[in-house]
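Before any comments, here is the structure.
The values are calculated or read from the model by the stated rules, or taken from the named source; none is laboratory data. As the structure is a computational prediction, the values presented were derived from the model and not from experiment. Positions of Cβ are generated from backbone atoms using ideal geometry, with glycine treated the same way; all protein chains shown enter the neighbour counts. Areas reflect the complete protein model, heavy atoms only, side chains present, ligands, DNA and RNA absent. Shrake-Rupley method; radii C 1.70, N 1.55, O 1.52, S 1.80 Å.
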Amino acid sequence: MSIVLVGVGFAAMLALMFLSIPVAIAIVVVGALGGYLMFGMPMVEIMGGVVWASLNSPSMLAIPLFMLLGELLLRSGIADRMFETLAVWFDRLPGGLLHTNIATCTLFSATSGSSVATAATVGSIALPALHERKYPVKPSLGTLAAGGTLGILIPPSINLLVYGSLANTAVGQLFAAGVLPGLLLASLFSLYVIVVHRNANPVTQNERVPLREKLKSLIHLIPAVVIFVVVMGSIYGGLATPTESAALGVVIALGFVYFSGKLDWELFVNCSLHAAKTTGMVVLVLACALLLNVTISMLGVTQAVTNWIVSFELERLTLLFILICFYIVLGAFLDAMSMLVLTVPIALPMVTAVGVDPIWFGIFIVVMCEIALITPPVGMNLFVVEGVRVDNGSFSDVISGTLPFVAIMIGVAIMFVVFPEFVMWLPNMVAN
């Protein structure tokens with residue numbers, strides 16, 4: 001298999017996406033059509049069987065269940081009360097409600113699994129309060145867009161589920177590996193706010209809330225904490241698979257919504273429809289990626305690319321630094337999910353050939369996907385936050401506000417390359 005032919009196929013997919021062709025169609029045109037041209041109808045028949053066998057799996061049910069879990073928390077008002085509670089606790093820190101943005105995104109990420117949902121939910125709640133208190137626009141938007149990216153890193157994460165399916169790695173270990181990096185990023189975001197935006201609130205702060213009232217407000221954080229503990233604890237305790245733990249999370253969320261008095265048929269149908277739409281998009285792209293994987297496997301693309309990389313005799317650090325640059329450029333033009341499904345089948349064999357752990361690489365590529373979410377011109381979270389802002393300002397405000405966080409995330413990615421033990425400590429402990 002010629003490496004030139006591999007490059008042509010990859011470039012063709014990128015060209016189709018840049019022409020605004022839907023991602024799924026671009027992958028099918030190159031993957032399925034390319035396989036048909038090379039091997040004829042028998043290849044197409046094989047593809048159907050592979051896609052059916054991969055999608056007709058209990059593990060795939062985790063995707064719609066986690067989507068439904070996030071929708072229930074969003075549309076029942078639980079997320080609103082989370083923000084109000086955290087605002088009481090963080091309002092007097094240097095940077096004020098900017099910390100609340102990051103903290104709420106972190107907590108909501110631990111239940112939603114989606115960056116777009118996290119940014120949209122917290123943004124719609126936080127921006128009116130920030131505007132009312134006259135917080136500067138750029139850091140307000142930046143903390144929301146950057147904090148929202150944690151939704152695909154902190155478990156449960158839809159992108160880690162998809163990566164686990166593509167890379168055939170244990171989802172439980174991927175979830176464990178995402179915990180510390182997610183908390184590190186959230187901490188560094190808050191540290192940046194303390195250093196640079198410590199005087200972000202130019203108006204007099206609210207009267208001090210009595211400690212008793214603060215402690216009483218913590219009851220509104222219970223749903224998110226309980227769901228996270230049950231979902232993750234059932235996986236690592238060996239009591240449930242990721243799919244079963246997702247079902248447990250949905251049942252518990254329904255219980256909290258019921259006791260809050262918000263559960264009715266209209267809410268449940270609305271949440272189910274939104275979860276189904278998002279799941280359909282994810283599964284369609286995943287199915288097309290599986291078609292591409294069949295063609296890649298039959299043509300020996302992974303072996304050709306691996307041999308080509310090995311011929312350069314690159315060290316692990318050199319290859320990974322090249323991949324960081326590659327993903328930063330690619331992320332400026334592709335959305336996170338497309339970048340994930342498009343590159344994993346080719347990049348994973350390359351990095352494993354130089355001794356990179358597939359679990360570590362899953363976290364690495366998701367961090368690069370996070371950067372793509374806030375990198376102009378097509379960063380999804382940039383458009384989400386711009387769409388929910390209340391002052392109708394310039395889109396350049398969002399870009400300017402997120403650039404410092406892009407630099408922080410690139411620095412964290414480099415740290416993970418140099419110190420991979422940080423990422424692997426928790427999954428190794430769980431595995432042992």
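Okay, here's what the table says:
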read-out: Residue match in region 361-369 (condition: of a type in the set (A, V, I, L, M, F, W, C), within 18 Å of I152 (Cβ to Cβ) and surrounded by fewer than 19 Cβ atoms within 10 Å (Cβ to Cβ)); value: no
read-out: Lone qualifier among S109, S140 - being within 29 Å of L215 (Cβ to Cβ), over 15 Å from the mean Cα position of the chain (by Cα), assigned to a helix (DSSP H, G or I) and hydroxyl-bearing (S, T, Y); value: S140
read-out: Checking A176 against (1) in a helix (DSSP H, G or I); (2) open to solvent by 10 Å² or more (accessible area, probe 1.4 Å), the condition it does not meet; value: (2)
read-out: Verdict on E370 being more than 21 Å from the chain's Cα centre (by Cα) and among the charged types (D, E, K, R); value: no
read-out: Region 397-410 - residue that is in contact (Cβ under 8 Å) with a residue 40 or more places away in the chain and of a type in the set (G, A, S) and, of those, most open to solvent (accessible area, probe 1.4 Å); value: S400
read-out: Selection within region 119-169 - open to solvent by 10 Å² or more (accessible area, probe 1.4 Å) and among the small types (G, A, S); value: A120, S124, A129, S165, A167
read-out: Checking S394 against (1) open to solvent by less than 10 Å² (accessible area, probe 1.4 Å); (2) farther than 17 Å from I158 by Cβ; (3) free of Cβ contacts under 8 Å to residues at least 60 places away in the same chain, the condition it does not meet; value: (1)
read-out: In region 89-118, residue most open to solvent (accessible area, probe 1.4 Å) [restricted to those that are closer than 26 Å to N199 by Cβ and hydroxyl-bearing (S, T, Y)]; value: T106
read-out: Residue satisfying all of: in region 20-41; open to solvent by less than 80 Å² (accessible area, probe 1.4 Å) and free of Cβ contacts under 8 Å to residues at least 60 places away in the same chain; farthest from V341 (Cα to Cα) among these; value: G40
read-out: Residue within region 48-56 that is open to solvent by less than 90 Å² (accessible area, probe 1.4 Å) and within 15 Å of F333 (Cβ to Cβ) present; value: no
read-out: Pair list, Cβ < 8 Å and 6+ apart or interchain, from region 210-225 residues that are more than 15 Å from L107 (Cα to Cα) to residues that are part of a helix (DSSP H, G or I) and open to solvent by less than 80 Å² (accessible area, probe 1.4 Å); value: E213/V88; K214/V88; S217/T85; S217/V88
